[in-house]
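See below for the structure under consideration.
The numbers here are math on the coordinates, done by the rules we state, and not lab data. Just so it is clear, the structure is predicted and the values come from calculations on it, not from any experiment. A quick note on method: Cβ atoms are made from the backbone with ideal geometry, for glycine too, and the neighbour counts reach across all protein chains shown.
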Amino acid sequence: MALPISFDDILAAADRLRPVAHRTPMMRSAAADARTGAQLFFKCENLQRIGAFKFRGAYNALSRFSPAQRQAGAVAFSSGNHAQAVALAARLLGMPATLVMPRDAPAIKVAATRGYGAEVVLYDRRTEDREAIGRQLAAERGMTLVPPYDHPDVMAGQGTAALELIEDMIAAGEGPPEALLVCLGGGGLISGCAVAARHLAPGCRVIGVEPQAGNDVQQSLAIGRIVSIPLPETIADGAQTLHAGELTFAVMRECVDEVVTATDAQLVSTMRFFAERMKLVVEPTGCLAAAAALEGVCALAGRRVGVIVSGGNIDMARFAALLSAPAA
Ligand SMILES: *Cc1c(COP(=O)(O)O)cnc(C)c1O
């Protein structure tokens, strides 16, 4: 069966994104290499526009709207980063946007979304169904719903993060990655990245990293169908998804070699590492992939490993509170 996205879709997304997205840096850390015995290559999407890779997928999706769709605009539901991404992409493309966000989303994310000029509709994620609210808005206003992960244009856009990382590794004379660690919520990021890796780094082991409290994809791949879980309690708010998407699952089944998990304590320890050693502010979800390497979840010694650092949006008060707890 053909996959929902091809490598050419990722190249086309890269062309659309080139004038507007940051080509985020690839960073190294001698401390990280010493700790793991591997060579780690960090793709710093915490330094992407809106502070996370989600700008890539959202802009790619919105830029493919027809003139009629542009006129009515975009609607999306998101725990935060996808909302900001759709809001900024809509502003850049000159179209209206409405975002459905949970009432308990980090304040910084709600404020940033409004700051991009989008309308924000709040809901209670324990009692209300955000997808129903989003669909209703789409129906009432003729707006196009942009899902956070289960959409080919979103997945292809996210894949440009790995495309750039692998290109930069090769350009630096290091060669393509032998393993690629990618954080995993609904699977949009890893789907795109896995398709890019399959093409540019054949034989590269693609490893997804979920919060330990929300390992629905690990369970789903083990039994071969999509498993739904209750809302996971984890500090990784960008990966609190209840289930994978149909399209992302189809790609993950085919192209993801393994899914591992990281605990909240391991995420905090990784946040501390990024802050102290690399001077990077990384949100808990953004630490998932790196935690699998730095906390010894995956044995990577002797290998060249790409690590996607997915985002850096966190309230400074929360950042300070998490880091000021005694090290685990
Ligand atoms: C959305 C998000 C993820 C998860 O991405 P999926 O495409 O849903 O798997 C990971 N990290 C950050 C920072 C995010 O915003």
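To the nearest µm²/s, what D does Stokes-Einstein give for segment 125-273 at 25 °C and 0.890 mPa s, using the Kirkwood radius over alpha carbon pairs as Rh?
150
Is the C-alpha gyration tensor of segment 1-152 telling us rounded, prolate or oblate? Criteria: a/c under 1.5 is rounded; beyond that, a/b larger than b/c is prolate, otherwise oblate.
It is prolate, given that a/c is not under 1.5 and a/b is the larger ratio.
So if I restrict to the alpha-carbon atoms in segment 206-316, what is the Rg, and what is Dmax, the biggest pairwise distance, in Å?
For segment 206-316, the Cα-based Rg and Dmax read 14.0, 41 Å.
How big is D for segment 230-284, in µm² s⁻¹ as a whole number, if Stokes-Einstein is applied with the Kirkwood radius of its Cα pairs at 20 °C and 1.002 mPa s?
In µm²/s, the coefficient is 161.
Enter the angle in degrees (range 0 to 90, nearest 10) between the Cα long axis of helix 7-17 and the first principal axis of the Cα atoms of the chain, meaning the one along which they spread out most.
70
Can you tell me which of 224-233, 173-182, 31-40, 186-195 comes out highest on packing, and rank the rest after it, using the mean Cβ neighbours within 10 Å?
Result, highest mean Cβ count within 10 Å first: 186-195, 173-182, 31-40, 224-233.
Counting alpha carbon pairs within less than 8 Å and at least 6 residues apart, what relative contact order, in whole percent, applies to segment 75-124? Walk me through the intermediate numbers first.
Details: 79 pairs, mean separation 20.6, N = 50.
The value is 41 percent.
Could you tell me the relative contact order of the chain? Use alpha-carbon pairs under 8 Å, at least six residues apart, and round to a whole percent.
On the way: 716 pairs, mean separation 71.4, N = 328.
So the answer I get is 22 percent.
Describe numerically, in nm with one decimal, the distance between label points set 7 Å from Cα along Cα→Cβ at residue 22 and at residue 139.
Output for this residue pair reads 4.1 nm.
I'd like the distance between the alpha-carbon centres of segment 183-241 and segment 92-131, rounded to an integer number of Å.
About 24 Å separates the Cα centre of segment 183-241 from the one of segment 92-131.
Nearest 10 degrees is fine. How inclined is helix 81-93 to the longest principal axis of the chain, computing both from alpha carbons?
So the inclination is approximately 60 degrees.
Connecting C-alpha atoms closer than 10 Å in a GNM of the chain, tell me which of 116, 149, 59 has the biggest fluctuation.
Sorting by GNM fluctuation, first place goes to 116.
Under Stokes-Einstein, with the Kirkwood radius over Cα pairs standing in for Rh, what whole-number D in µm²/s applies to the chain at 25 °C and 0.890 mPa s?
127
Are there GluC sites (Glu not before Pro) in segment 92-141 that DSSP puts in a loop and that have at most 15 other Cβ atoms within 10 Å, and which ones?
Those satisfying the criteria are 128.
Among 115, 286, 245, which one shows the biggest mean-square fluctuation in a GNM of the chain, springs joining Cα atoms closer than 10 Å?
115
Give, as a single signed number, the net charge of other residues whose beta carbon lies under 14 Å from the beta carbon of residue 61, with Lys and Arg counted +1 and Asp and Glu -1.
With Lys, Arg at +1 and Asp, Glu at -1, the net is +2.
Per DSSP helix of 4 or more residues, -39500 (n - 2.57); summed, then divided by the residues of the chain. What does that give at 222 nm, rounded to the nearest 500?
Value at 222 nm, helices only: -13500 deg cm²/dmol.
Quick one: among 51, 134, 203, which has the greatest mean-square fluctuation in a GNM of the chain with alpha-carbon springs under 10 angstrom?
203
Between the helical axis of 152-171 and the dominant principal axis of the chain, each derived from Cα atoms, what acute angle in degrees is found, rounded to the nearest 10?
30
Between residue 171 and residue 35, what is the FRET efficiency for a Förster distance of 25 Å, r being their Cβ-Cβ separation, to the nearest 0.05?
E(calc), rounded to 0.05, equals 0.45.
Give the average over all directions of the projected area of the C-alpha convex hull of segment 264-328, one decimal, in nm².
Spelled out: convex hull of the Cα atoms, projected over all directions, averaged, 4.4 nm².
Which net charge results for the neighbourhood of residue 325, defined as the other residues with beta-carbon distances under 12 angstrom from its beta-carbon, given Lys and Arg at +1 and Asp and Glu at -1?
+1
Once the dipole of segment 108-182 is set up with Lys and Arg at +1 and Asp and Glu at -1 on Cβ about the Cα centre, which of 161, 142, 181 lies farthest towards its positive end?
142
Using Cα centres only, tell me the gap between segment 1-39 and segment 250-287 in whole Å.
With segment 1-39 and segment 250-287 each reduced to a Cα centre, they are spaced 15 Å.
Most exposed first by the Cβ proxy, i.e. fewest other Cβ within 10 Å, how do 8, 150 rank?
Result, fewest neighbours first: 8, 150.
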